[in-house]
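Trainee: Here it is, the structure in full.
The values are calculated or read from the model by the stated rules, or taken from the named source; none is laboratory data. Keep in mind that what you see is a predicted model, and the values were worked out from it rather than measured. Positions of Cβ are backbone-derived with ideal geometry, glycine not excepted, and every protein chain shown enters the neighbour counts.
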Amino acid sequence: MKKHTIGLLALIFSFLSSGLSAQNLYIKTDSLQKALPSLKGVEHREAMRQIIEYSEEFSKDISKEYSLRLFEEAKMVGDTFYMIEGLYNLGMVEKLDGNFFQANQYLNELISLAKKMKNPEFQAKNLTRVSIILSLMDMSDLAFTYLEQAIVLLRNSSDIREIVNLMQTIAQEYYRLRLYHEAIGIYRILKIFLIPQIPANDLSRTIFYRDYAYALCMNDYLTDALYYADKAREIAMKNHSLRDIYNLDRLYGLIYNKMQNNDKVIQYLEPAALQTENYGYLLKSSYIHNELAHYLQQAGDYSHALEHQLKALRLRQKANFNSVICFAYINYGDALMKAGKMDSAFIYLSMGKDLASKMNFKTEIRRAYEKLGDYYMRTNRFDKALAFIKEARDIQDKEAAIQSEQQRKLLALNTEAQSYNEKNLGLKEIESKQNIFFILIAGIILLLIVILWLYYINHRREDFLRSIEIKQKILASQLNPTFIFNMLVGIRGIIRQGRNEEAGKYLAGFAKLIREILVSSQHNYQFIEREIDMLNSYLELQKIRFSGLLNYEIHLSQSLDSSRMGIPPFLCHSILENFFNFIADKNDKPFHIFIDFQEDNNSIVETIKINLDSEIYHQNLGSLWLDELKPVLELIKERITIICKSKKNHY
């Protein structure tokens with residue numbers, strides 16, 4: 001679109017929107033619909049585009065209707081720009097509604113049209129934004145192909161905004177694949193070289209600071225995350241951008257939840273949930289209710305969490321997009337289950353499973369299976385529970401293999417992006433400097449920085465992949481089928497003996513332990529007091545397995561503040577599980593386990609002492625068990641080494 005046309009549109013819509021900035025999306029949409037008959041040509045198409053943008057928050061029907069109208073009108077007059085906008089919004093609507101195949105068709109047609117525009121920056125912009133949608137639909141291979149094409153198109157570009165947008169999209173792919181350190185690396189480059197070239201109060205900076213804060217938060221650098229979230233909020237407030245302010249409220253909720261400050265979480269999220277609903281941001285309000293419910297569940301407040309999940313479901317049903325309704329069914333079913341409303345929980349979990357299957361939404365199918373497995377465990381139907389847990393694990397294993405391959409592709413893609421970024425940065429320096437000597441010095445410094453950075457990325461790449469592999473191995477060892485089977489068999493034995501109350505107690509303990517293992521595996525550290533709680537839960541369950549032969553004691557040094565000091569989660573579980581499995585059919589005498597937490601030279605030392613009958617030890621264990629234990633100890637050692645490296649490498 002030509003510059004004078006864009007200026008005309010900006011003037012028209014600044015007039016149309018005057019007095020509407022404080023009104024909700026329903027009123028804005030209605031005002032634009034009433035204004036449509038008086039508008040012609042480009043102004044008419046731009047008004048429809050704005051209607052689509054607003055209505056995607058609260059109505060599938062309106063957004064779909066106007067997306068089709070925009071595309072058809074633009075096609076009739078040969079306006080390629082608005083044909084592309086129509087196709088993009090049709091793709092978005094179909095994606096939200098769970099019609100991934102149809103969405104992909106619209107987006108492919110969009111890319112074909114964009115390539116006819118012969119404008120590299122415009123093509124790159126569309127390739128980048130389409131890649132984001134494709135990733136959300138589990139079409140990462142095609143998404144990476146489009147990102148690679150965008151990198152090539154911007155290789156000789158001086159359009160800072162598009163370069164920043166592309167690099168941020170790659171960073172978002174990193175933290176979608178849980179490569180948070182790699183994401184931070186991209187944000188560092190942007191922060192040093194490109195963001196300073198964007199005006200101080202430009203909304204592009206808000207998006208950058210918000211995304212950077214999120215990546216820092218996911219790496220547990222919470223103070224830094226708050227700093228950049230505050231910078232983003234300051235710019236959003238100056239621009240009166242409600243959408244960005246509400247997104248930042250969600251980020252504050254995440255940061256303060258990680259800080260275990262529930263009062264702050266509620267302070268940010270409850271008003272934001274109410275305001276977004278009042279302004280017509282139904283989907284955004286539902287996301288906030290869902291996140292608030294999740295944090296309340298973590299705090300053990302299942303009653304209020306249930307209220308927020310129900311509100312999220314009702315808001316999504318109003319907007320009527322199938323994919324987000326599917327999320328809500330499963331989330332609400334899980335909340336009902338945790339609140340003890342088992343009959344209703346089954347209904348909603350089944351509805352979520354059926355809708356996910358209809359859409360062939362693998363991620364949500366797996367999540368529904370996991371929750372149904374939990375449901376059947378809580379209702380003592382262990383055969384069905386194991387069947388659903390197995391189905392979920394099969395899907396998870398396939399996802400893990402796919403994710404590992406995607407990580408490798410993305411790391412390779414980032415290397416290419418860094419090389420083109422180096423060229424653009426060098427050109428920018430040359431254009432901005434007049435002194436030849438200074439240009440030479442700046443170029444050498446820049447080249448050294450890029451070389452060192454590329455060396456750093458290549459050096460870290462294998463560490464990250466190894467870290468992911470170790471996390472998967474540790475989680476697999478903690479949730480191995482033998483462990484789950486042995487626990488369920490022990491509980492079944494209690495039920496057969498008629499000790500139903502005790503069985504219920506241990507079943508609840510088992511479910512709690514599984515949940516805590518899954519949650520703790522997402523973090524490098526957890527507080528010692530929580531580690532001790534998990535050990536107590538685990539060892540109590542093992543007492544059932546060994547019919548009372550096991551006694552244990554956990555000792556904590558008074559010099560350790562268990563509520564403020566952290567260690568890698570469930571660190572000694574693999575050792576204990578290995579020991580229990582080895583002696584399961586060899587021991588018939590009482591034995592004792594002593595676990596001690598001490599402080600030594602600013603380090604936390606965790607000691608495990610096992611008192612076992614000497615005759616059983618010499619006959620059955622001895623060097624044989626130590627040989628089996630060596631790989632377990634090596635895995636723990638490597639896990640600690642990688643965690644220490646990641647902290648050491650943080651700036």
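Trainee: Criterion first (of a type in the set (Phe, Trp, Tyr), touching a residue at least 60 places away in the same chain (Cβ under 8 Å) and crowded, with 22+ Cβ neighbours inside 10 Å) does Tyr66 satisfy it?
Mentor: no
Trainee: So Cys217 ticks every box in (1) under 25 Å from Thr80 (Cα atoms); (2) modelled with pLDDT of 90 or more; (3) among the hydrophobic types (A, V, I, L, M, F, W, C) but one. Which box is left unticked?
Mentor: In the conditions (1) under 25 Å from Thr80 (Cα atoms); (2) modelled with pLDDT of 90 or more; (3) among the hydrophobic types (A, V, I, L, M, F, W, C), Cys217 misses (1) alone.
Trainee: If the requirement is being at pLDDT 90 or above and closer than 25 Å to Leu355 by Cα, which of these qualifies: Asn119, Asn104?
Mentor: After ruling out the rest, the residue left standing is Asn104.
Trainee: Among (1) aromatic (Phe, Trp, Tyr); (2) within 30 Å of Asp61 (Cβ to Cβ); (3) over 22 Å from the mean Cα position of the chain (by Cα), there is one condition Tyr376 misses while meeting the rest; what is its number?
Mentor: Among (1) aromatic (Phe, Trp, Tyr); (2) within 30 Å of Asp61 (Cβ to Cβ); (3) over 22 Å from the mean Cα position of the chain (by Cα), the lone unmet condition for Tyr376 is (2).
Trainee: Right, something else. How many of the residues making up segment 371-384 are part of a helix (DSSP H, G or I), surrounded by fewer than 21 Cβ atoms within 10 Å (Cβ to Cβ) and free of Cβ contacts under 8 Å to residues at least 24 places away in the same chain?
Mentor: So the count comes out to 3.
Here is a yes/no grid of residues against (1) crowded, with 20+ Cβ neighbours inside 10 Å; (2) in contact with a helix residue (DSSP H, G or I) (Cβ under 8 Å, 6 or more places away or on another chain); (3) of a type outside the set (Gly, Ala, Ser):
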{"residue": "His294", "(1), (2), (3)": "no, yes, yes"}
{"residue": "Gln297", "(1), (2), (3)": "yes, yes, yes"}
{"residue": "Tyr302", "(1), (2), (3)": "no, yes, yes"}
{"residue": "Lys318", "(1), (2), (3)": "no, yes, yes"}
{"residue": "Tyr332", "(1), (2), (3)": "yes, yes, yes"}
{"residue": "Ala335", "(1), (2), (3)": "yes, yes, no"}
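Trainee: If I ask for residues that are surrounded by fewer than 19 Cβ atoms within 10 Å (Cβ to Cβ) and either part of a helix (DSSP H, G or I) or in contact with a Cys (Cβ under 6 Å, 6 or more places away or on another chain) (or both), which ones from segment 498-515 would you list?
Mentor: Residues satisfying the conditions are Asn500, Glu501, Glu502, Gly504, Lys505, Ala508, Gly509, Ala511, Lys512, Arg515.
Trainee: Just to be sure I understand the filter: pairs with C-beta atoms under 9 Å, separated by 6 or more residues or on different chains, first member in segment 439-464 and part of a helix (DSSP H, G or I) and of a type in the set (D, E, K, R), second member surrounded by fewer than 15 Cβ atoms within 10 Å (Cβ to Cβ) and modelled with pLDDT of 70 or more. Which pairs pass?
Mentor: Arg461/Arg408
Trainee: For segment 472-493, check the following and say yes or no: at least one residue is among the small types (Gly, Ala, Ser), out of contact with any Gly (no Cβ under 7 Å at 6 or more places or on another chain), at pLDDT 70 or above and part of a helix (DSSP H, G or I).
Mentor: The answer is yes; a qualifying residue exists.
Trainee: Exactly one of these conditions fails for Asp263: (1) under 24 Å from Tyr212 (Cβ atoms); (2) in a helix (DSSP H, G or I); (3) without any contact (Cβ under 8 Å) to a residue 12 or more places away in the chain. Give me its number.
Mentor: (1)
Trainee: What single numbered condition from (1) of a type outside the set (S, T, N, Q); (2) out of contact with any helix residue (DSSP H, G or I) (no Cβ under 7 Å at 6 or more places or on another chain); (3) part of a helix (DSSP H, G or I) fails to hold for Glu162?
Mentor: For Glu162, the failing item is (2).
Trainee: Also: Looking only at segment 566-603, count how many residues are surrounded by fewer than 16 Cβ atoms within 10 Å (Cβ to Cβ) and within 17 Å of Asp533 (Cβ to Cβ).
Mentor: So the count comes out to 1.
Trainee: Of (1) surrounded by fewer than 23 Cβ atoms within 10 Å (Cβ to Cβ); (2) under 19 Å from the mean Cα position of the chain (by Cα); (3) under 23 Å from Arg210 (Cα atoms), Asp138 satisfies all except one. Which?
Mentor: Result: Asp138 passes all but (3).
Trainee: Mind checking which residues of segment 568-589 are closer than 14 Å to Arg545 by Cβ and either in contact (Cβ under 8 Å) with a residue 24 or more places away in the chain or touching a His at 6+ places or on another chain (Cβ under 6 Å) (or both)?
Mentor: Within segment 568-589, Leu576, Glu577, Phe579, Phe580, Asn581, Phe582, Ile583, Ala584, Lys586, Asn587, Asp588 qualify.
Trainee: So Asp561 ticks every box in (1) touching a residue at least 40 places away in the same chain (Cβ under 8 Å); (2) farther than 30 Å from Asp374 by Cα but one. Which box is left unticked?
Mentor: All conditions are met except number (1).
Trainee: Are any residues in segment 36-47 crowded, with 17+ Cβ neighbours inside 10 Å, of a type in the set (A, V, I, L, M) and more than 13 Å from Val77 (Cβ to Cβ), and if so, which ones?
Mentor: Ala47
Trainee: So in segment 172-212, with the set limited to residues that are out of contact with any Leu (no Cβ under 8 Å at 6 or more places or on another chain) and assigned to a loop (DSSP other than H, G, I, E, B), which one is farthest from Met237 (Cα to Cα)?
Mentor: The extreme case among them is Arg178.
Trainee: Something else: Of the residues that sit in segment 533-558 and are out of contact with any helix residue (DSSP H, G or I) (no Cβ under 7 Å at 6 or more places or on another chain), free of Cβ contacts under 8 Å to residues at least 40 places away in the same chain and part of a helix (DSSP H, G or I), which one is nearest to Leu612 (Cα to Cα)?
Mentor: Step by step, filter segment 533-558, then rank; the result is Lys543.
Trainee: Also: Of the residues in segment 220-255, how many are among the hydroxyl-bearing types (Ser, Thr, Tyr), at pLDDT 95 or above and either over 21 Å from Leu190 (Cα atoms) or surrounded by fewer than 18 Cβ atoms within 10 Å (Cβ to Cβ) (or both)?
Mentor: Looking only at that region, the number is 2.
Trainee: Restricting to segment 159-178, name every residue that is more than 16 Å from Lys191 (Cα to Cα) and not acidic (Asp, Glu).
Mentor: Within segment 159-178, Tyr174, Tyr175, Arg176, Leu177, Arg178 meet the criteria.
Trainee: Right, next: Filter segment 571-606 for residues that are within 36 Å of the chain's Cα centre (by Cα) and on the phi > 0 side of the Ramachandran plot and give the result.
Mentor: Asn602
Trainee: Looking at this structure, is Ser547 under 26 Å from Gly493 (Cα atoms), hydroxyl-bearing (Ser, Thr, Tyr) and touching a Lys or Arg at 6+ places or on another chain (Cβ under 8 Å)?
Mentor: Taking the combined requirement at face value, the residue does not satisfy it.
Trainee: Count, please, the residues in segment 180-204 that happen to be buried (at least 21 other Cβ atoms within 10 Å of the Cβ), modelled with pLDDT of 85 or more and either of a type in the set (D, E, K, R) or touching a strand residue (DSSP E or B) at 6+ places or on another chain (Cβ under 6 Å) (or both).
Mentor: 0
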